[in-house]
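The values are calculated or read from the model by the stated rules, or taken from the named source; none is laboratory data. Not measured: the values here are computed from a predicted model. Cβ coordinates were reconstructed from backbone atoms using ideal geometry, including for glycine residues, and neighbour counts include every protein chain displayed. Heavy atoms of the whole protein, side chains included, go into the accessibility calculation; ligands, DNA and RNA do not. Shrake-Rupley method; radii C 1.70, N 1.55, O 1.52, S 1.80 Å.
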Amino acid sequence: MIEYDLDAIVHPYITAYIRDGLPPKSGILAELEAYAKDHAVPIVQPETAQFLLVLVQMLRPKRILEVGCAIGYSAILMAQGLAEGGTVTTLEWDAGMAKAARENVRKAGLEEKIHVICADAKDVLPTLTGEYDLIFLDGPKAHYIYMLNDCIRLLRRGGVLAADNILYKGMTADDAHVVRRKITIVKRLRRFISAQMQREELVTSVLPLGDGVSLAVKK
């Protein structure tokens, strides 16, 4: 068995080439990248962050829903592509992370655009109403499969569902990479990918980007 191969998805020279060509972040985003690195806080990988930037610039969403806020990095990033008057609603179950996210949103001057809710997403999602243009899943990977129905319900037609860490260091794609303690997560990620592919309401693709990203459009 391969023990949690960090380069299982994309060859490291490819990753290095892509990252070397990315424009550096500035301001609060640069601060949060440095903080995440120093304190081992999980945020999206640089190439995934750039992908999100492209996605929001294409969609110009009015309403974004994010599951898994951490310190607010992705929410602040995605807010750059909002349509006029648009908002990001982001869910975070960890009270300490949610507090840090709110402070970072305040520092970014985005209190009017980003709303941080401290709660378990699987409890909150069924209570939400209205339609979202973009839903970004970046919370507990084992819970993605249980959120799919609500995500589809909440997406408008033409709306996009993106999910990060979908290939999970290669474990989702290859049993030889699976670490024993991650078996349950891997099984549920496989179910999530399969369920997206089989749902008639969605057109789905899985991208070997960062730690793997799935992208689905609601018909």
Cβ-Cβ under 9 Å, sequence separation 6+ or interchain: first residue in region 93-112 and of a type in the set (K, R), partner in a loop (DSSP other than H, G, I, E, B). Which pairs? R102/G72; R102/E111
What is the residue count in region 109-119 for residues that are open to solvent by less than 70 Å² (accessible area, probe 1.4 Å) and either among the β-branched types (V, I, T) or in a loop (DSSP other than H, G, I, E, B) (or both)? 6
Yes/no for Y35 being open to solvent by 40 Å² or more (accessible area, probe 1.4 Å), of a type in the set (F, W, Y) and in contact (Cβ under 8 Å) with a residue 24 or more places away in the chain: yes
Neighbours by Cβ (under 6 Å, 6+ apart or cross-chain): first from region 141-158, at pLDDT below 95; second in a strand (DSSP E or B) and open to solvent by 50 Å² or more (accessible area, probe 1.4 Å): none
Across region 164-207, what is the number of residues that are at pLDDT below 95, in a loop (DSSP other than H, G, I, E, B) and surrounded by fewer than 16 Cβ atoms within 10 Å (Cβ to Cβ)? 1
Go through region 38-78 and report how many residues are surrounded by 22 or more Cβ atoms within 10 Å (Cβ to Cβ) and more than 30 Å from P12 (Cα to Cα). 3
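Pull up region 120-155, narrow it to residues that are among the acidic types (D, E) and not in a helix (DSSP H, G or I), then point me to the one that is nearest to R191 (Cα to Cα). Full working, then the answer.
We begin by selecting, within region 120-155, every residue among the acidic types (D, E); these are 120, 123, 131, 133, 138, 150.
Checking which are not in a helix (DSSP H, G or I) leaves us with 120, 131, 133, 138.
Values: D120: 21, E131: 25, D133: 24, D138: 17 Å.
It comes out as D138.
Quick check: anything in region 6-13 of a type outside the set (S, T, Y), assigned to a loop (DSSP other than H, G, I, E, B), loosely packed, with under 14 Cβ neighbours inside 10 Å and touching a residue at least 40 places away in the same chain (Cβ under 8 Å)?
From region 6-13, those of a type outside the set (S, T, Y) are 6-12; that's our starting set.
If we keep only those that are assigned to a loop (DSSP other than H, G, I, E, B) as well, we get 6-11.
Keeping just the survivors that are loosely packed, with under 14 Cβ neighbours inside 10 Å gives 6-7, 11.
Filter once more, keeping what is touching a residue at least 40 places away in the same chain (Cβ under 8 Å): 6.
For region 6-13, residues of a type outside the set (S, T, Y), assigned to a loop (DSSP other than H, G, I, E, B), loosely packed, with under 14 Cβ neighbours inside 10 Å and touching a residue at least 40 places away in the same chain (Cβ under 8 Å): present.
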Restricting to region 79-102, count the residues that are surrounded by fewer than 21 Cβ atoms within 10 Å (Cβ to Cβ) and of a type in the set (S, T, Y). 2
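Among the residues of region 120-132, count how many are more than 12 Å from V67 (Cα to Cα) and open to solvent by 20 Å² or more (accessible area, probe 1.4 Å). Steps first, answer last, please.
Of all residues in region 120-132, those more than 12 Å from V67 (Cα to Cα) come to 126-132.
Retained after the next criterion (residues that are open to solvent by 20 Å² or more (accessible area, probe 1.4 Å)): 126-131.
Residues flagged as more than 12 Å from V67 (Cα to Cα) and open to solvent by 20 Å² or more (accessible area, probe 1.4 Å) within region 120-132 amount to 6.
Kindly establish whether I28 is in contact with a Ser or Thr (Cβ under 8 Å, 6 or more places away or on another chain), over 25 Å from G170 (Cβ atoms) and open to solvent by less than 70 Å² (accessible area, probe 1.4 Å). Talk me through it step by step, then tell me what you get.
Working: in contact with a Ser or Thr (Cβ under 8 Å, 6 or more places away or on another chain): no; over 25 Å from G170 (Cβ atoms): yes; open to solvent by less than 70 Å² (accessible area, probe 1.4 Å): yes.
Taking the combined requirement at face value, the residue does not satisfy it.
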